[in-house]
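The structure appears right after this line, and notes come after that.
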Amino acid sequence: MSNSINTKLNRVLVIGLGQLGLPVAKYVNDKGFDVYGYDINSESMRRAQEKVGIKITTNFRNFDIYIICVSTHNPSDISSPQIDGLISVINKISMEANNGSLVSIESTIPLGTSKKIFELLEHRLHVVHAPHRWYSLDEEKYGVNQLRVIGGVSPCCLKLGSEFYSGHSKCAAQVFPDDDIVNHYKDQETTDRFTENIANFIENGYRNTNRQINPPIYSQSLEIPMHTVSTIEIAELTKIIENSHRYLQIAFAEELYLYCQANNFLFSELRDALNTKWNVEILEPRGGIGGHCLPKDTKMFLNSSKVRSKILQSAIEVDSLYRDFMTRREKKLITSVENLTN
Ligand SMILES: NC(=O)c1ccc[n+]([C@@H]2O[C@H](COP(=O)([O-])OP(=O)(O)OC[C@H]3O[C@@H](n4cnc5c(N)ncnc54)[C@H](O)[C@@H]3O)[C@@H](O)[C@H]2O)c1
C-alpha cells in the first residue's frame, strides 16, 4: 500500500444553489477549496457562476466532498416535507462518485433520512448531517460559519465530517474512543472498497500517532465550530426541534394577540410590559407562520413520532385561527376604505 497520507482532498460539489446553497458555495470557495456547483434550475447555476464565481457542472465524478443543500419541501405545498429531490441526487452520487468520498447533508431532513441515504450508498461513501442555521436577515452573525451540530452515521463518517468542518476530529474522538474507530474499520468489509487514500490514512493515522490527533486529511478546513453528537438521529432532531420551538413561540404570540382582541386589551402594551421580565420574550405576531422552513420542519418533527405532539398540533391550529382573523380584518378594512371613498 502506498503511503498517501499527505494527499489532501479539496474538490467540493455543492448541490442545490438556492437561498442556502449559494452562500455555502461562496464560503467554501473563499476558504480555498476547489468548488463546483450543481442545481436542477439552470438559472440558479447561472447566478452562482456570475455572482459568486462558482464553477458549474452536471458531472458528479471525482469530488472529495458533496454538500447537499437542495430543497426538502413539496414544490406545490411549501409547508409539506418532500425528499424526492434529495433521493434523486443521492442516486446520481451513488452512480458517479468515488468510494470513500464524504456526503454532507446540510438541508433539513425528516428523522431517519441520513441512515436511509447511508444504506442507499452501501457505506461506499461517508455520510454526515450538519443541519444549517443560516439566517438571511443577519448573515454577519448567523451566516455559514456559526456554531452548528454534526452527527455521523458511523464513527468514520463523523471523523471525516469533523475534519472537513472544524479542521480536527478531536470532537469525534471525544464521542467515540479511538479504538471504536479502528475496530469499526476492521469490522467493516466495505472498508476494502474505500479509496486507498482514506483507508490508508485512517489505518496509519491511528496506528502511528499513538492516539494523538491525526494530521488533516483535507487540504484545509472550513473552520466552523461544530457541536458533535453521538448519533445521526440526534443531529436530525436538533434542526426540526429548533424550528418547532420557534413555531411554538410565534404561535403563543399569535394566541395572546387573539386573546387581546377578544377581551379588549392592547396587545402592544401587554407585550411591552411582559417583556420587562428577565426570562420572558413574547414575540411580535406578523402575517402568520409562513415560508418553507418553520411549517415544514414542524411537520417533520410531528411526523417523527408515533405519539404526536399535542402542543404542536394546537400551535398549528392557533396559527390557522390567527391567519383567518387577519384575513377577515383585512377584508373589513378594504370594505370600509371603499365605503369611505365611494
Ligand atoms: N434558507 C434558509 O434560511 C435555510 C436555513 C436553514 C436550513 N435550510 C434548509 O436548507 C434546504 C434548502 O433551503 P433553501 O432556502 O436554500 O431553498 P431554495 O428553494 O432557496 O433552494 C433550493 C435549491 O435546490 C434546488 N434543487 C431542488 N431539487 C434539486 C435536485 N434534485 N437537484 C439539484 N438541485 C435541486 C432548487 O432548484 C433550488 O435552487 C431546505 O431543506 C431548508 O429547509 C434553509
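The values are calculated or read from the model by the stated rules, or taken from the named source; none is laboratory data. Just so it is clear, the model here is predicted, and its values are computed rather than measured. Cβ sites come from the backbone with ideal geometry, for glycine too, and all protein chains shown count toward neighbours. We work out accessible area using only protein heavy atoms, side chains counted, and drop any ligands, DNA or RNA first. Shrake-Rupley method; radii C 1.70, N 1.55, O 1.52, S 1.80 Å.
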Matching residues in the range 294-320 - criterion: being of a type in the set (A, V, I, L, M) and exposed (fewer than 15 other Cβ atoms within 10 Å of the Cβ) = Val307, Ile311
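Output the residues belonging to the range 321-340 that are hydroxyl-bearing (Ser, Thr, Tyr) and either assigned by TED's automatic domain parsing to the domain that holds Ser76 or open to solvent by less than 60 Å² (accessible area, probe 1.4 Å) (or both).
Kept after step one, since they are hydroxyl-bearing (Ser, Thr, Tyr), are these residues of the range 321-340: 322, 327, 335-336.
Tyr322, Ser336 - these are the residues of the range 321-340 that are hydroxyl-bearing (Ser, Thr, Tyr) and either assigned by TED's automatic domain parsing to the domain that holds Ser76 or open to solvent by less than 60 Å² (accessible area, probe 1.4 Å) (or both).
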Inspect the range 49-69 for any residue being in contact (Cβ under 8 Å) with a residue 24 or more places away in the chain, within 11 Å of the ligand (Cβ to nearest atom), farther than 22 Å from Tyr218 by Cα and in contact with a Leu (Cβ under 8 Å, 6 or more places away or on another chain) and give the result as yes or no.
-> no
Scan (1) of a type in the set (A, V, I, L, M, F, W, C); (2) open to solvent by 30 Å² or more (accessible area, probe 1.4 Å); (3) modelled with pLDDT of 95 or more for the single condition Met1 breaks and write down its number.
-> (3)
Picked from the range 202-226 (must be over 25 Å from Val35 (Cβ atoms) and open to solvent by 60 Å² or more (accessible area, probe 1.4 Å)), the residue modelled with the highest pLDDT is Glu203
Report, by residue number, each residue of the range 4-42 that is in a helix (DSSP H, G or I), within 13 Å of the ligand (Cβ to nearest atom) and either modelled with pLDDT under 95 or polar (S, T, N, Q) (or both).
-> Ser42
Residues (open to solvent by less than 10 Å² (accessible area, probe 1.4 Å) and of a type in the set (Val, Ile, Thr)) located in the range 24-69 = Val24, Val28, Val35, Ile54, Ile65, Ile67, Ile68
Do you know which residues across the range 131-179 are at pLDDT 95 or above, assigned to a loop (DSSP other than H, G, I, E, B), touching a helix residue (DSSP H, G or I) at 6+ places or on another chain (Cβ under 6 Å) and of a type in the set (A, V, I, L, M, F, W, C)?
-> Val144, Val153
What's the number of the condition Asn264 fails, among (1) on the phi > 0 side of the Ramachandran plot; (2) buried (at least 17 other Cβ atoms within 10 Å of the Cβ)?
-> (2)
